[in-house]
Amino acid sequence: MGQGNIAAAYTVVPEGSITTPKGFTAGGLHCGLKKTTRNDLGAIVCEVPAAAAAVYTLNAFQAAPIAVTRESIGSGGVLRAVIVNSGNANACTGKQGDADAYEMRSHFAEAIGVPSDQVAVASTGVIGEPLKMDRVRQGIAELPARLAASSRGGDDFCQAILTTDLVKKEVCVSVMVDGKPVHIAGASKGSGMIHPNMATMLGFVTTDAMIGSAALHTLLRQVTDLTFNMITVDGDTSTNDMLLAMASGLAGNRELDESHPDLAAFSSALRYVCEVLAKAIARDGEGATKLVEVQVSGAVSDAAAQAIAKTVVGSSLVKSAIFGADANWGRIIAAVGRAGQPVNPDTVDIRLGDIVTLAESRPVAFDEEAALEYLKGDTVVIYVDLHMAEGSAIAWGCDLTYDYVRINAAYRT
């Protein structure tokens, strides 16, 4: 699965949500974990056991819900539901945090009448504070009545998973498999502490495709490496990162596997969903005013291109220059050179949009005013061509602004 353009083997469903795939309901409510009245408890429920797969943070300090979800999926590869809270990460909370995560699982399983080992748990928010379980219990008791198969349920869920996010992040597509319409939908959250080493802070994918847990896991890992693992906001990998996928199998297609002729189309559609969500997270980075995209070509391998692209897009100096609309290509080439990948110091080209600033590693006279106007836009694309081989990659991030410091200087308060 390359890093180039995604073939349009799918159709975007403009009004779709995570409840559009057959068999899924969702909902959310405010139970009091947040100081605001924004939703802070949500759930996705499938009417049948759904094939499930997930990828998790590689941070050594993993939040209690990660262990619970691993256990649930590991027990049989199927899920009936996931329950999520925001406002509290339930991370670094010791044995009590573990007990609270298991209680969330068992209480919600009982509330919707499913086995507890078919429920996943996810949390996001402040690290190191105990969950207010009295409020969580009350919210779980009320949550089943809030579940809906309409986009309203999907919207309530999206709102429930946000922390410092300014906007909800969701997308839905339709793709033909065996001549039948299959839907794939996604919802995610993430704005700060974003430098995924698996997925995003929290991401959820629903589909009505018939696909086994193992095949779904393989595809999820592949698309994660090309999407969520190619974004950065601030270089920090969360304790709670999780990307979870559930497949109801109700679309009526023949089971997708490596031999299925429509697997490539389904894979492209899944990648599109994850890429849209990943870019939405980058664009919504804390305090951000611009989405920054770095396209690297001509590298010795795709892996080398990925490392270079993420180094450039994650550079604080590059990010600051973009915020100030300063066409300082020296910061870009310095980031290319420190990425730890093979480069030829004599063959690098750099463009800012259509404006060439460096050719064969030598400065090119360019219109500073035109560059200033380009960098003032809300999307900035940096092109780096190494002219060495065929490796390529795309990474996404955002500018570094005064507001990022303001937000994170008082995150807990």
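Within the range 153-182, residues that are without any contact (Cβ under 8 Å) to a residue 60 or more places away in the chain and within 16 Å of residue 41 (Cβ to Cβ) reach partners that are outside any loop (DSSP other than H, G, I, E, B) and open to solvent by less than 10 Å² (accessible area, probe 1.4 Å) with beta carbons closer than 6 Å, at six or more positions or on different chains, in the pairs 168/158. Among the residues that make up the range 283-296, is at least one of them charged (D, E, K, R) and out of contact with any strand residue (DSSP E or B) (no Cβ under 9 Å at 6 or more places or on another chain)? No; the residues of the range 283-296 include none that is charged (D, E, K, R) and out of contact with any strand residue (DSSP E or B) (no Cβ under 9 Å at 6 or more places or on another chain). When residue 363 is tested against the conditions (1) closer than 30 Å to residue 287 by Cα; (2) open to solvent by 60 Å² or more (accessible area, probe 1.4 Å); (3) not charged (D, E, K, R), the lone failure is (1). Suppose the filter is surrounded by fewer than 19 Cβ atoms within 10 Å (Cβ to Cβ) and of a type in the set (Ser, Thr, Tyr); does residue 301 pass it? Yes.
Could you check how many residues of the range 218-252 are open to solvent by 10 Å² or more (accessible area, probe 1.4 Å), more than 30 Å from residue 305 (Cα to Cα) and not small (Gly, Ala, Ser)? Total meeting the criteria: 1. For the range 34-46, the condition holds for no residue, the condition being that it is more than 20 Å from the chain's Cα centre (by Cα), assigned to a strand (DSSP E or B) and charged (D, E, K, R). Residues that are of a type in the set (Ser, Thr, Tyr), in contact (Cβ under 8 Å) with a residue 24 or more places away in the chain and surrounded by 16 or more Cβ atoms within 10 Å (Cβ to Cβ) are absent from the range 328-349 altogether.
Looking at 282, 307, just one residue is in contact (Cβ under 8 Å) with a residue 12 or more places away in the chain, within 19 Å of residue 57 (Cα to Cα) and surrounded by fewer than 24 Cβ atoms within 10 Å (Cβ to Cβ), and that residue is 307.
Where residues in the range 51-98 are over 21 Å from the mean Cα position of the chain (by Cα) and of a type in the set (Gly, Ala, Ser), which of them is surrounded by the most Cβ atoms within 10 Å (Cβ to Cβ)? Once the filter is applied, the top-ranked residue is 72.
The values are calculated or read from the model by the stated rules, or taken from the named source; none is laboratory data. All figures in this text were calculated on a predicted structure; none of them were measured in a lab. Ideal geometry is used to build each Cβ from the backbone, glycine not excepted, and the neighbour counts take in all protein chains shown. Quick note on the areas: whole protein, heavy atoms, side chains included, nothing else; ligands and nucleic acids left out. Shrake-Rupley method; radii C 1.70, N 1.55, O 1.52, S 1.80 Å.
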